[in-house]
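The numbers here are math on the coordinates, done by the rules we state, and not lab data. Note that the structure is a prediction, hence the values are computed from the model and not measured. As a convention, Cβ positions derive from the backbone with ideal geometry for all residues, glycine included, and neighbour counts pool all protein chains shown.
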Amino acid sequence: MKSHPCLSNCFAWFIISAIVTALIGFNSDEGFLSIDYDNHRILSEQSPERKLRILYTVTTLAEYDGGSRSTTKGSDRMQNVLIPVVKESVDSMLSHGFEVDVFIVAFYKMTRFELIRNALPPSVKISIWDEAAPLSYKGDEHMKPNAKLHHNTIGLARQHRFVVKDHLFEYDFFCNWEDDMVIHGDHIENYLDMTKELYRLRELAPDDKLDNRQGSNNFFGPLNKEQLKRTLPGFIRVEALLDEETYGTQPELDPVPVKERPEIDPKPCCHLRNESFASPTRPAAPLSNKLFMWEVGIKAVGIRHMPDESNLGWVLLQRGPSRGKDVVDDHTMSDYWSNQLNKYFKERRPSSISFHGINNQGGWMGTQRQIWEWHTEVCPGGFLPPYEAPHYRFDGLDMRNVEWWSGGISLVTARHACNMQRLISLEPSRFARHLLYHSANNKQRQLQFKKKTFVKVNDFYAQLLTVQNDATKDMNKLKRMKSF
């Protein structure tokens, strides 16, 4: 029933990978995904004979809450958080026609496996890697003669990468999330649809670097293949306000005016299929005007119009990627900043890696092909293990934080990382599918001192529409000037 991952010899793994590549080019005529670089094959239509196979990996630190981060000390986190979240997510994925297996990476010894097994359908294979925190020295203590090893709880966030590595050729799609993040089938469907479109655009895109007016220094127009290779759909975590009078959001919106305020549908992200999952701190069907975000605000973000041949239109470019030494400009893309015309506020734009704005997602997802490209072509030092110098110290157990590993920040920042660009569609029904329910709903209590950065989803979206209106006018003006 339970199994630990076979952390096989990394050299042997890459030899096998090379042989597989040579023999079959990672090409599956039966599957939803295929990887055949010679023929430039992309995401194909799912055949009725074969369902998309998903490996859903969840990392959990505590069996019982310790009382930090506005949790209740002694609360049974495994029964109250982990199991309900996994069941909710798996049931939703299955309802969309996917095949799902679950892999749980736990810091603690898993003595109550039967509770997890009983909560999920028999068709779902469950694997457990318990007591999974790696052993390491603290900082540079390895230089001391009396140095002692310890269980690296931050390094626990790295371990899901070994699971992905060991199972990369067994599944089509990989979901890797913290134990309080609800992932619905709608999220995966939207991710796959956008990824398919990004691959289609890449097929049509030029190979060469574009001049600055067309490429990295403009907020619309064509993109080249290398830029599109470094894009992926992104997510924003949200919570449901439990007591607006006590907690609440910004007393005054950031100074980008709101002209229209459509309501974003809360169902794709935040309505729960399993009513038994609901509790006083986890509403089953929160209203649209109760959803808020705390990790991103209008002052930091910008938007871009995707190439004319795309059906994506306007997208939000999430923060993270940067330019500078060791970063090639034509691999990044520019956006239209919310204060592009300097008419809304006087502050300078926050850094692209400012913690407020970069928004930790609480996890990441990707197709088999994407992960292989990230590992072999995009990410310095590789995306999967082994983690070796010069881009990694101590097998990756250095000063990298939890968010760098489990939040997907390694994908979207530049320092020894992948420097990729996350996109969020501004089409309202799609936008709703970029929102993820942080079911712990504890940030509103834990971060009350940052209340002025909390913004309701509907307000933020309405501000984005104002920016989109400004950007559309400027884009049309520039196109008219170019036509003369």
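Dipole of segment 10-483, Cα-centred, from +1 at each Lys and Arg C-beta and -1 at each Asp and Glu C-beta, to the nearest 20 debye? Each step should come with its number before you reach the end.
Details: 60 positive and 61 negative charges, 312 e Å.
Here the size comes out at about 1500 debye.
Which whole-number percent is the relative contact order of segment 161-302 (Cα, under 8 Å, 6+ apart)? Intermediate results must be reported in sequence, preceding the final value.
Details: 101 pairs, mean separation 32.0, N = 142.
About 23 percent, as a whole number.
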>> Within the chain, which is the longest segment that contains none of the GluC sites (Glu not before Pro) sitting in a DSSP loop with at most 13 other Cβ atoms within 10 Å?
In response: 389-484
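Which trypsin sites (Lys or Arg not before Pro) does segment 184-272 hold that lie in a coil by DSSP with at most 12 other beta carbons within 10 Å? Let's see the in-between values first.
On the way: sites: LYS196, ARG200, ARG202, LYS209, ARG213, LYS225, LYS229, ARG230, ARG237, LYS259; in loops: LYS209, ARG213, ARG230, LYS259.
Counting only loop positions with at most 12 other Cβ atoms within 10 Å, the trypsin sites (Lys or Arg not before Pro) in segment 184-272 are ARG213, LYS259.
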> What order do you get for 153-164, 448-459 when each peptide is scored by the mean count of other beta carbon atoms within 10 Å, highest first?
Replying inline: 153-164, 448-459
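The chain: Rg/Rh from Cα coordinates, Kirkwood Rh?
The Rg/Rh ratio comes out at 0.95.
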> What number, in nm² with one decimal, is the all-direction average of the projected area of the convex hull of the alpha-carbon atoms of segment 50-182?
Replying inline: 9.7 nm²
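May I ask you to derive the FRET efficiency for LYS346 and LYS209 from their Cβ-Cβ distance with R0 = 45 Å, giving the value to the nearest 0.05? Numbers along the way, then the final one.
Working: r = 35 Å, r/R0 = 0.78.
Once the sixth-power term is evaluated, E becomes 0.80.
How far, in nm, would the chain grow between ASP308 and SER75 when pulled straight, counting 0.36 nm per residue and subtracting the alpha carbon separation? Kindly include the intermediate steps, with their values, before the conclusion.
Working: separation 233, 0.36 × 233 = 83.88 nm, distance 5.23 nm.
78.6 nm is the gain from fully extending ASP308 to SER75.
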>> Let's test the formula: R0 of 22 Å, r as the Cβ-Cβ distance of ASN289 and LEU447. What FRET efficiency results, to the nearest 0.05?
In response: 0.60
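Near VAL164, within a Cβ-to-Cβ distance under 12 Å, what is the net charge of the other residues, with Lys and Arg +1 and Asp and Glu -1?
Once all neighbours under 12 Å are counted, the net charge is +1.
Taking Cα pairs under 8 Å and at least six residues apart, what relative contact order does segment 10-483 come out at, in percent? Intermediate results must be reported in sequence, preceding the final value.
Values: 876 pairs, mean separation 92.8, N = 474.
Relative contact order of segment 10-483: 20 percent.
Report the gain in length on full extension from SER429 to ARG480: 0.36 nm times residue separation, minus Cα-Cα distance, nm rounded to one decimal.
On the way: separation 51, 0.36 × 51 = 18.36 nm, distance 3.09 nm.
Roughly 15.3 nm would be gained on extension.
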>> Cut-off under 24 Å on the C-alpha distance; same-chain residues fewer than 8 positions from LYS450 excluded. Which lysines are left, in chain and number order?
In response: LYS73, LYS290, LYS299, LYS346
